[in-house]
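Enquirer: One structure follows; several queries about it will come next.
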Ligand code: AMP
Ligand code: MG
């Protein structure tokens with residue numbers, strides 16, 4: 001069935017050779033029901049949000065009809081999952097409908113997930129249940145509000161079908177996901193492993209055109225591509241760590257070439273700070289723990305570089321040399337983003353990117369985090385109350401955001417098992433602040449915009465899912481709303 005909903009599609013991925021995907025329509029569902037449409041995102045993408053909420057729009061979002069101009073397909077990719085090689089994965093429960101070019105000029109994929117079986121489903125049912133759909137909706141939109149590159153949620157619908165999971169039959173749902181593209185490290189690995197150099201080159205050129213056009217100017221555009229992907233990835237992982245985010249399944253098929261956070265499976269924001277924190281119930285070895293994420297990104301990027309070897313240089317030895325040399329830069333690039341970001345959280349302002357802070361700051365940052373883990377301190381609350389403390393302590397006391405700034409010292413102290421340790425640390429922090437050249441205003445504003453007050457805590461996400469299963473979407477709406485403005489105190493929402 002064709003939908004009457006008008007989406008200004010401008011599809012490019014579907015014009016790639018047939019080895020890149022299988023053309024496939026979504027599989028219809030019983031009784032679609034709208035959960036939410038992201039009106040702001042729709043408008044940004046050049047889509048009128050009102051028709052999406054109509055009966056026709058909801059049928060389309062559930063996969064019961066295909067909009068005019070769509071070219072539905074399931075993408076093929078491969079990947080290393082927890083280190084083990086899977087030669088063929090692909091969209092096992094998702095369909096790429098097509099792309100639009102937004103009012104901001106950005107090309108984005110419209111992708112419906114939970115839309116039924118495809119040739120890549122392996123043993124799976126091709127479906128999603130309501131829980132993960134709401135998780136992805138709330139957490140991806142919270143990420144976007146935190147200003148962290150991420151796929152986003154355009155809509156969510158219930159299907160009216162039950163999905164069978166370990167817990168029993170659960171309500172089925174579909175999320176419409178939006179990404180700058182759904183090309184992954186695993187997409188490159190797939191074409192590399194197929195040994196089809198032409199397709200590999202087509203893919204690399206497509207990615208350069210779509211995401212990294214500046215690479216075309218470089219002497220070796222494919223080397224530049226690795227450098228640019230690596231830079232975005234390093235920046236992304238540093239940003240995750242600065243909000244305490246743990247992705248949980250950093251497999252190569254879950255690493256976006258565009259540098260967006262993708263696939264919100266068993267991810268979470270940590271409460272108590274500990275570098276070894278793991279959330280995924282399937283990650284027994286702690287492979288993807290908070291502090292291991294840069295190492296895993298590095299490993300994944302090595303796989304990316306390896307998959308480009310056939311086109312990096314005609315001489316295989318030279319190609320390996322170029323790939324290795326490029327990937328070896330990861331640690332330095334990452335460290336810059338990491339220390340700069342943590343510096344900002346502490347009110348230390350780097351002069352410019354790459355000229356990081358003062359000598360000794362990385363040690364100070366490391367010692368500060370150690371203090372937090374020794375005292376089992378809540379990560380988000382520490383930086384949030386430090387920001388409040390700074391506001392009342394660094395002079396002027398301008399811009400007091402809420403009445404409670406004076407309480408922040410006490411609130412900080414309450415987070416520590418040994419409050420004296422905090423007192424000593426605050427003296428060191430103050431001494432370092434005294435050497436800061438940036439104005440107090442600038443420091444406070446940097447701290448405010450680096451230290452979120454609201455993050456999606458796991459128990460809250462679980463609570464909205466519990467309520468939604470009984471048909472009550474009010475908690476989902478409320479949590480989503482609070483998280484849309486994470487850096488501003490919302491006294492009425494203090495319980496979050
Ligand atoms: P993920 O762990 O979500 O990144 O998924 C890994 C692979 O398994 C991807 O190729 C998915 O498309 C596929 N997959 C996950 N869940 C299902 C499902 N319920 N049915 C079919 N394929 C699935
Ligand atoms: Mg995945």
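Enquirer: Among the candidates 265, 295, which residue alone is out of contact with any helix residue (DSSP H, G or I) (no Cβ under 7 Å at 6 or more places or on another chain) and either part of a helix (DSSP H, G or I) or surrounded by 20 or more Cβ atoms within 10 Å (Cβ to Cβ) (or both)?
Expert: Answer to the check: 295.
Enquirer: Given (1) outside the structural domain of residue 420 (by TED's automatic domain parsing); (2) outside any helix (DSSP H, G or I), where does residue 347 come up short, assuming only one miss?
Expert: (1)
Enquirer: Condition first: part of a loop (DSSP other than H, G, I, E, B) and more than 14 Å from ligand 2 (Cβ to nearest atom). Can you find one or more residues in region 92-102 that meet it?
Expert: Yes.
Enquirer: Among (1) surrounded by fewer than 23 Cβ atoms within 10 Å (Cβ to Cβ); (2) more than 16 Å from ligand 2 (Cβ to nearest atom); (3) more than 24 Å from residue 234 (Cα to Cα), where does residue 154 come up short?
Expert: (1)
Enquirer: Working carefully through the options 87, 132, 67, 119, find the one that is more than 15 Å from ligand 1 (Cβ to nearest atom) and in contact (Cβ under 8 Å) with a residue 60 or more places away in the chain.
Expert: On the way: 87 fails: more than 15 Å from ligand 1 (Cβ to nearest atom); 132 fails: more than 15 Å from ligand 1 (Cβ to nearest atom); 119 fails: more than 15 Å from ligand 1 (Cβ to nearest atom).
Being more than 15 Å from ligand 1 (Cβ to nearest atom) and in contact (Cβ under 8 Å) with a residue 60 or more places away in the chain holds for just one of 87, 132, 67, 119, which is 67.
Enquirer: Considering only region 276-285, I want to know if a residue exists there that is more than 18 Å from residue 330 (Cα to Cα) and under 12 Å from the mean Cα position of the chain (by Cα).
Expert: no
Enquirer: What do you reckon, is residue 132 in a helix (DSSP H, G or I), modelled with pLDDT of 95 or more and out of contact with any helix residue (DSSP H, G or I) (no Cβ under 7 Å at 6 or more places or on another chain)?
Expert: Answer is yes for this residue.
Condition check ((1) more than 21 Å from residue 102 (Cα to Cα); (2) crowded, with 20+ Cβ neighbours inside 10 Å; (3) not assigned by TED's automatic domain parsing to the domain that holds residue 161) across all residues:
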residue: 8; (1), (2), (3): no, no, no
residue: 14; (1), (2), (3): no, no, no
residue: 20; (1), (2), (3): yes, yes, no
residue: 27; (1), (2), (3): yes, no, no
residue: 32; (1), (2), (3): yes, yes, no
residue: 39; (1), (2), (3): no, no, no
residue: 46; (1), (2), (3): no, no, no
residue: 49; (1), (2), (3): no, no, no
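The values are calculated or read from the model by the stated rules, or taken from the named source; none is laboratory data. Given the structure is predicted, the values throughout are model-derived calculations rather than measurements. As a convention, Cβ positions derive from the backbone with ideal geometry for all residues, glycine included, and neighbour counts pool all protein chains shown.
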